[in-house]
1. Identify, by number, the condition in (1) at pLDDT 95 or above; (2) surrounded by fewer than 23 Cβ atoms within 10 Å (Cβ to Cβ); (3) of a type outside the set (Gly, Ala, Ser); (4) more than 17 Å from Leu150 (Cβ to Cβ) that Val234 doesn't meet.
2. Can you tell me which residue within the range 167-191, out of those that are touching a helix residue (DSSP H, G or I) at 6+ places or on another chain (Cβ under 6 Å) and hydrophobic (A, V, I, L, M, F, W, C), is surrounded by the fewest Cβ atoms within 10 Å (Cβ to Cβ)?
3. Can you say whether Leu150 is more than 15 Å from the chain's Cα centre (by Cα), crowded, with 24+ Cβ neighbours inside 10 Å and assigned to a helix (DSSP H, G or I), as far as the supplied structure shows?
4. In the range 1-31, what residues are surrounded by 15 or more Cβ atoms within 10 Å (Cβ to Cβ) and under 25 Å from Glu163 (Cα atoms)?
5. Just need a number here: residues in the range 81-125 that are assigned to a loop (DSSP other than H, G, I, E, B), among the hydrophobic types (A, V, I, L, M, F, W, C) and under 15 Å from Ile165 (Cβ atoms).
6. Which residue, of Ser154, Ser140, is of a type in the set (Ser, Thr, Tyr) and free of Cβ contacts under 8 Å to residues at least 24 places away in the same chain?
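The values are calculated or read from the model by the stated rules, or taken from the named source; none is laboratory data. If you're wondering where the values come from, they're calculated on a predicted model, not measured in any experiment. Every residue, glycine as well, gets a Cβ built from its backbone with ideal geometry; the counts of neighbours run over all protein chains shown.
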Amino acid sequence: MTTTITPLIAGNWKMNGSRASLEELQQLAGLLTTGEAPKAMVVICPPATILHAVASQGSTSGILAGGQDCHASASGAYTGDISAGMLADAGAQFVIVGHSERRAAHGETDQIVRAKAEAAIGAGLKPIICVGETGAERDSGKAEAVVAALLAGSVPDAAELHEVIVAYEPVWAIGTGRTPTNDEIAQMHNRIRAILVERFGDKGASTRILYGGSMKPQNAREILNIENVNGGLVGGASLLARDFYTIISAV
């Protein structure tokens, strides 16, 4: 893990959680405040229904809040959608855009993801921009080319002046329990770093690159020690306070 970049561990609760889940948040807050101070920024991205509660409750323990998606427009006749400004108004400081599940299930293109990232930046949020290849793309030897294209299409030019986070999520590893080898993770993260530096210079050198493919308490320490892994985008393991705390403590 690059030592000059403060790591970030983000929990994506996906379509899980209710007000009862705030008990887990309270437990996590207790673990973070009673033990050794965490060496990473901690972000929870809950369902929008409890975003304000997470932001309010987490503030006393240093837990930051993020949205799971946003619309590219600031307002309008978009029933069921949420703008980046609304997320910020609810207390969010981050927002995930371009997650593979949205790309696949909602047909989100790089152009849409880039517009959402630009909207997030405009609202004062830090977008966590997701990129990653499918199993078929990796098996055919196209993984790096696919990720390079996703970066080119999804990361806005505004990243040269504003903070963005890139999350590498091998699509074939999400929720499957499978993970790439350490060498595969290192190779991809190093490639992403090189692309960011080539495009954005020093800003690209300091951009956080998170790993987002089935990070668990059992493998977190090993993955977080890989060069250019600056944190994690954690799915299921972030729903349980003790599991998530173990991952945070692995930094």
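1. Failed condition: (2).
2. The qualifying residue surrounded by the fewest Cβ atoms within 10 Å (Cβ to Cβ) is Trp172.
3. For Leu150, the condition - more than 15 Å from the chain's Cα centre (by Cα), crowded, with 24+ Cβ neighbours inside 10 Å and assigned to a helix (DSSP H, G or I) - is not met.
4. Met1, Thr2, Ile5, Pro7, Leu8, Ile9, Ala10, Gly11, Asn12, Trp13, Lys14
5. Summing the residues that are assigned to a loop (DSSP other than H, G, I, E, B), among the hydrophobic types (A, V, I, L, M, F, W, C) and under 15 Å from Ile165 (Cβ atoms) in the range 81-125 gives 2.
6. Going through Ser154, Ser140 in turn, the sole match is Ser140.
So that you can scan it fast, the table gives a plain yes or no per residue for (1) farther than 30 Å from Gln218 by Cβ; (2) of a type in the set (Phe, Trp, Tyr); (3) at pLDDT 95 or above:
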| site | (1), (2), (3) |
| --- | --- |
| Ala119 | yes, no, yes |
| Lys126 | no, no, yes |
| Cys130 | no, no, yes |
| Glu133 | no, no, yes |
| Ile174 | no, no, no |
| Ile192 | no, no, yes |
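Condition check ((1) more than 20 Å from Ala40 (Cβ to Cβ); (2) not in a helix (DSSP H, G or I)) across all residues:
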residue	(1), (2)
Pro180	yes, yes
His189	no, no
Ile192	no, no
Glu198	yes, no
Glu222	no, no
Arg242	no, no
Tyr245	no, no
Val251	no, yes
